[in-house]
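**Student:** Dropping a structure here in C-alpha cells format, bear with me for questions.
The values are calculated or read from the model by the stated rules, or taken from the named source; none is laboratory data. Nothing here was measured: the structure is a model prediction, and the numbers come from that model. Here the Cβ positions follow ideal geometry from the backbone for every residue, glycine too, while neighbour counts run over all protein chains shown.
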Amino acid sequence: MTALGFLYPGHSAEDDYPRIEQLLGSDIRLTVIHTDIGEDAHRVDALLEMGSAARLAAGVEELRLSGAEAVVWACTSGSFVYGWQGAHDQVRALARAAGLPASSTSFGFVHAVREVRASRVAVGATYPDDVAALFSSFLKDAGVEVVAVRGSGVITAAEVATWEYDRILALAREADQPDADAVLLPDTALHTASHLPALEQALSKPVLTANQVTVWEALRLADRRVNAPELGSLFTKEPIVQV
C-alpha cells in the first residue's frame with residue numbers, strides 16, 4: 001500500500017481525488033486534508049496568504065496521522081504566485097513541517113511537462129490575466145517554452161468548480177496552438193479527472209490538468225509508477241523524470 005497526502009485549499013473539486021484513486025486501480029490511497037483558504041480570490045495578495053506556511057502547517061499533523069509517505073500542496077496558484085525561488089522555499093518548509101518528501105502542483109506541472117516530452121506548451125487558465133501571466137513566468141523560469149496563455153478572468157475557486165466538460169474543452173481549444181506540444185489547465189478547482197481522454201482526443205495532444213499532475217507528482221515522490229490510461233497520456237508514458 002502506498003499512502004499519499006494532499007493539502008487541498010477549501011472545497012471545490014476535491015472529489016477528483018477519490019475518482020483518480022479509483023482509476024489508478026492499484027494499492028494506492030489518496031488522503032485529502034483541507035486547508036483554510038481565507039479569502040476565495042484569484043488575486044495575488046489572497047493567494048500569497050492562502051499558501052502561507054502557517055496555513056499549510058495547520059494540516060500537517062492530520063496528514064501525518066494518515067500514514068502518508070509524501071505530501072503535495074494541491075494548489076497551483078497558491079504556489080507559483082511565490083515565484084520560482086519562493087515556491088521552492090514553500091515546499092521545503094512543508095517538507096520540514098511534515099517530515100516527508102513534499103512538492104506542489106506547480107512543480108508537478110514542470111515535471112509532467114518533461115515526462116510527456118513537451119518542449120512548448122500552451123496554457124488555458126481560469127485565472128485573471130495577471131495571475132495567468134505569473135504561471136507562465138514560473139514555467140519559463142523552469143525552462144519551459146510557453147507559446148500561448150489564455151486567461152478566463154474567473155475570480156473564485158467556487159465558480160471554477162461549477163465548470164462542466166464543454167466549458168473546459170472550450171478553454172483548452174482557445175489556448176491551444178499548432179506549435180504547442182501540450183496544453184496545460186492549471187487550477188485544482190477544475191473538475192477534470194473524468195475528462196482527460198476526451199480532452200486529449202479532441203486536441204490530439206497531451207492535456208495536463210492540475211489535479212491529475214498533483215497525484216502524479218505525489219506518486220513520483222513516492223517512487224511509484226502506475227499505468228492508468230484513463231488518466232491521460234501522462235499516466236502511460238515511459239518515465240524519464242529523475243527523482
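**Student:** Among the residues of the stretch 184-218, how many are of a type outside the set (Gly, Ala, Ser) and over 13 Å from the mean Cα position of the chain (by Cα)?
**Tutor:** 9
**Student:** Another one. For the stretch 1-16, does any single residue satisfy the condition of being in contact (Cβ under 8 Å) with a residue 60 or more places away in the chain, assigned to a loop (DSSP other than H, G, I, E, B) and surrounded by 22 or more Cβ atoms within 10 Å (Cβ to Cβ)?
**Tutor:** yes
**Student:** Still on this model: What are the pairs, 6+ residues apart or on separate chains, where a residue within the stretch 137-165 that is under 20 Å from Tyr82 (Cα atoms) has its Cβ under 6 Å from a residue that is in a loop (DSSP other than H, G, I, E, B) and of a type in the set (Asp, Glu)?
**Tutor:** From residues that are under 20 Å from Tyr82 (Cα atoms), the pairs are Thr156/Asp40; Ala157/Asp40.
**Student:** Spot the failing condition for Gly38; the list is (1) touching a Pro at 6+ places or on another chain (Cβ under 8 Å); (2) surrounded by fewer than 19 Cβ atoms within 10 Å (Cβ to Cβ); (3) closer than 20 Å to Glu159 by Cβ, and only one is missed.
**Tutor:** All conditions are met except number (1).
**Student:** Name the one entry in Ala172, Ala193, Ala158, Ala202 that is modelled with pLDDT under 95, assigned by TED's automatic domain parsing to the domain that holds Tyr127 and either closer than 30 Å to Gly38 by Cβ or surrounded by fewer than 20 Cβ atoms within 10 Å (Cβ to Cβ) (or both).
**Tutor:** None of the other options fit; the residue is Ala158.
**Student:** Related question: Restricting to the stretch 55-93, name every residue that is touching a Pro at 6+ places or on another chain (Cβ under 9 Å) and surrounded by 21 or more Cβ atoms within 10 Å (Cβ to Cβ).
**Tutor:** Matches in the stretch 55-93: Ala70, Val71, Trp73, Ala74, Cys75, Thr76, Ser77, Gly78, Phe80.
**Student:** In addition: Would it be correct to say that Gly51 is in contact with a strand residue (DSSP E or B) (Cβ under 9 Å, 6 or more places away or on another chain), modelled with pLDDT of 90 or more and on the phi > 0 side of the Ramachandran plot?
**Tutor:** no
**Student:** Can you name the condition, by its number, that Gly151 falls short on among (1) out of contact with any Asp or Glu (no Cβ under 8 Å at 6 or more places or on another chain); (2) surrounded by fewer than 22 Cβ atoms within 10 Å (Cβ to Cβ)?
**Tutor:** (1)
**Student:** Test Arg64 against the stated conditions and say whether it is among the basic types (Lys, Arg) and at pLDDT below 95.
**Tutor:** yes
**Student:** In the set Val131, Val121, which member is buried (at least 17 other Cβ atoms within 10 Å of the Cβ), touching a strand residue (DSSP E or B) at 6+ places or on another chain (Cβ under 7 Å) and assigned by TED's automatic domain parsing to the domain that holds Tyr165?
**Tutor:** Val121
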